[in-house]
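Here is the structure we will look at.
The values are calculated or read from the model by the stated rules, or taken from the named source; none is laboratory data. As the structure is a prediction and not an experimental result, all values here were calculated from the model. Cβ placement follows ideal geometry from the backbone for every residue including glycine, while neighbour counts extend to all protein chains displayed. Ligands, DNA and RNA are stripped out before the accessible areas are found, and what is left, the full protein with its side chains, is counted by its heavy atoms. Shrake-Rupley method; radii C 1.70, N 1.55, O 1.52, S 1.80 Å.
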Amino acid sequence: MGAESTPLPSLEELRALARAQGVDPTDADLEGVLGFLGIVLPALRELEGETGRDVPPAGMYLPDREAT
Amino acid sequence: MTLNSLARAIRRGELSPREAVQDALERIERDDPAYNSFITVRAEEALAEAEALPEPAGALHGVPLGVKDVIDVAGTRTTAASKVLADNTAAADATVVARLRKAGAVIVGKLNTHEFAWGASTTSQAFGPAHNPWDIERICGGSSGGSGAAVAARLVPGALGTDTAGSVRIPAALCGVTGIRPTTGRVPNRGVIPVSWTYDTVGPLARTAEDCALLLDVIGGPDPHDASTTPAAGDPCLEGIGRGVAGLRIGVVAHLFHDVPIDPRVAAVVEAAIGELGRLGARVERVDASFLRRAEVVQQLVMLPEAAEAHLPWLRTRLADYGADVRARLLAGLLLPASAPITGQRARRALALEARPLFERFDLLASPEMPIVAPRIGEDPVEVAGQSLPYRLSLIPFNSPWSCLGVPTVSVPCGFVDGLPVGLALTGRRLAESTVLSAAHAYQQVTDWHERRPPDPT
């Protein structure tokens, strides 16, 4: 996973997002999420750059024409 | 006795279904306190069902089996090893259970799992850890850890697990049994608690590839009423199990031996197993497939939000009842950017396109199933080749590529390190389970790793 610096949301922003979905996590929960996002968000950014813009999303299982 | 041998013995009248089921129940009662592989044992129901089996006998007539406790069995609780579902009773059989029953199998119980099938340790806070029969101080892997332990300990001759990111293959490797993740969509998921719609599949664990073939033939195949199944059935597996590996092209996935952390002793055991396939006539060649490392993040980007969505009602009302590790992953999935799963699915398609030439060039890919042998219960991080790593991160490079591609992959017992089992992963093209399992069977005809027995628990 990538390691470049990516801005992370604050605990309060995460809490608001969780509450908007009806979920009420603790501070400890959200700190765990922040740690995870610190790894995943740079990797997501990297993947966005690597994946051609003309590639559509795969479905639940890959269609036969792309079968390996 | 293997599953196929037991099924033949019952068909020949050498023992009755009731005797076979009674024997399994006695083993469970005697030995499972040491393993905690079962969450629920259906003793009375199983004996009654064994006595009431209809004729003519199906392929699994009277064979006692266990199923992971995320798979519904009508009238029996499905707990997912979680406090959240501790009192949840299934109203109907999952499709795979209905298919097993139609073939004459008797479900003797529900097997321990990592909470909600999401983790690789099977150390449920609500139901206790499952213990590895080779060393009960160690984990049996997961999430289908109870399935791996119960088969390794000879409590049942076969079991069903589920696999999203390695959950059949990992316990198979760590417990020294055979387990196959089928092509995504080959086996119906209806009646199975989901982790991630994109990656989930049911898969069998048994002592031999031949046994897995029989189970997969029974549970696989399209279900027009289930959108999780592919329309194509795939070749039957048991019928061609003896065709060997002569002439097959096997690509050895080089980066999984050298470029990611792996215990060199595990790597050496797997290399030796691949050498055996070469001696059997396969054409073995190393291949650079390091682009597959992208699967590690691709899988997370899709799996986390899908799991969060599946759990949303319980996240709203039962958040505190989850174990800390699963709760953290679910919340991460809930709070990822909306673009994450879409980027993940686009990258997954790109990965499949890039992998296509690999599967055109090779009939099978060979790699280690795990970088280490079973860690001690509670040992996390683990040490891998001198590096300290979170246990879960250590195994992702070995498992996520095949989940992302949706291709069949089997873990075959291939040796021991420090007295603990090691698994060889053989991966094939979509719906080519018959090739994967026949290669595993060929290997098991010239080796006896799958016949080794764990020590007596007493």
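With protein chains left intact and a 1.4 Å probe, residues in region A:9-48 average 47 Å² of accessible area per residue. Expressed in Å, the radius of gyration and Dmax of the Cα atoms of region A:9-48 are 11.2, 31. In sequence order, region B:236-253 has phi-based couplings of x, 9, 5, 4, x, 5, x, 7, x, 10, 4, x, 5, 9, 10, x, 8, 6 Hz under the Karplus curve 6.51 cos²θ - 1.76 cosθ + 1.60, θ = phi - 60°, and Gly or Pro positions carry x. Rounded to the nearest 500, the helix-only mean residue ellipticity at 222 nm of chain B stands at -12500 deg cm²/dmol, with each DSSP H run of n ≥ 4 adding -39,500 (n - 2.57). With viscosity 1.306 mPa s and temperature 10 °C, the Kirkwood radius over alpha carbon pairs of chain B converts through Stokes-Einstein to a diffusion coefficient of 74 µm²/s.
Give, as ranges by residue number, the residues of region B:179-198 whose backbone N falls under 17 Å from the point 7 Å along Cα→Cβ of A:Q21. What the label zone holds, given the 17 Å backbone N cut-off, is B:194-198.
Of the Cα atoms belonging to region B:88-242, the radius of gyration and Dmax stand at 14.6, 45 Å. Shown for region B:347-367: residues covered by the partner protein chains by 10 Å² or more of accessible area relative to the chain by itself (probe radius 1.4 Å), namely B:A347, B:R348, B:R349, B:A350, B:A352, B:L353, B:R356, B:F359.
Each residue, B:D235 and B:D259, gets one label point 7 Å from its Cα in the Cβ direction; the gap between the two is 3.1 nm.
Residues whose amide H falls under 5 Å from that of B:G62, counting only those 5 or more places apart or on a different chain, are B:A105, B:V106, with hydrogens built in the peptide plane.
Taking a ≥ b ≥ c as the square roots of the eigenvalues of the Cα gyration tensor, region B:95-146 is classed as prolate, since a/c reaches at least 1.5 and a/b is larger than b/c. Averaged over the residues of peptide A:7-20, the number of Cβ atoms from other protein chains lying within 10 Å of each residue's Cβ is 1. Structural size metrics of region B:27-79, computed from C-alpha coordinates, are Rg and Dmax of 12.6, 38 Å. The value for region B:324-375 of Rg(Cα) / (2.2 N^0.38 Å) is 1.70. To put it simply, the accessible area of region A:9-48 at a 1.4 Å probe is 56 percent carbon and sulfur. Relative intensity of region B:175-280 on a log10 scale, I(q)/I(0) at q = 0.14 Å⁻¹, equals -0.77, per a Debye sum over C-alpha point scatterers of equal strength in the absence of solvent. Please state, as a whole number in µm²/s, the translational diffusion coefficient that the Stokes-Einstein equation yields for the protein assembly as shown at 10 °C and 1.306 mPa s, with Rh defined as the Kirkwood radius across alpha carbon pairs. Calculated translational D: 70 µm²/s.
The string of couplings for region B:145-161 from the Karplus curve (6.51, -1.76, 1.60, θ = phi - 60°) is x, x, 5, x, 5, 5, 6, 4, 7, 6, 6, 9, x, x, 7, 9, x Hz, one whole number per residue in order, with x for Gly and Pro. Taking packing as the residue-averaged number of other Cβ atoms within 10 angstrom, the listed peptides B:193-205, B:124-136, B:45-57, B:265-277 run from highest to lowest as B:193-205, B:124-136, B:265-277, B:45-57. When chains A and B come together, the accessible area they lose, probed at 1.4 Å and totalled over both chains, is close to 3700 Å².
Structural descriptor for chain B: relative contact order 17 percent, calculated from alpha carbon pairs under 8 angstrom and at least 6 residues apart. Compute the FRET efficiency between B:E14 and B:E55 as 1/(1 + (r/R0)^6), taking r as their Cβ-Cβ distance and R0 = 30 Å, and round to the nearest 0.05. E between B:E14 and B:E55, to the nearest 0.05, is 0.95. Here's how it looks for B:A74: its modeled amide H is under 5 Å from those of B:D93, B:A94, which are all 5 or more places away or on a different chain.
Annotation: amide H-H contacts under 5 Å for B:M370 (H modelled 1.01 Å from N, sequence separation of 5 or more, or interchain): B:G423. Taking the Cα atoms of region B:280-391, the ratio Rg/Rh between the radius of gyration and the Kirkwood radius comes to 1.07. Phi-derived couplings, Karplus 6.51 cos²θ - 1.76 cosθ + 1.60 at θ = phi - 60°, listed residue by residue for region B:345-362: 5, 5, 5, 5, 5, 4, 5, 5, 5, 5, 7, 4, x, 4, 7, 6, 7, 10 Hz, with x used for Gly and Pro.
Fully extending the segment from B:E137 to B:R453, taken as 0.36 nm per residue of separation minus the present Cα-Cα distance, adds 112.1 nm.
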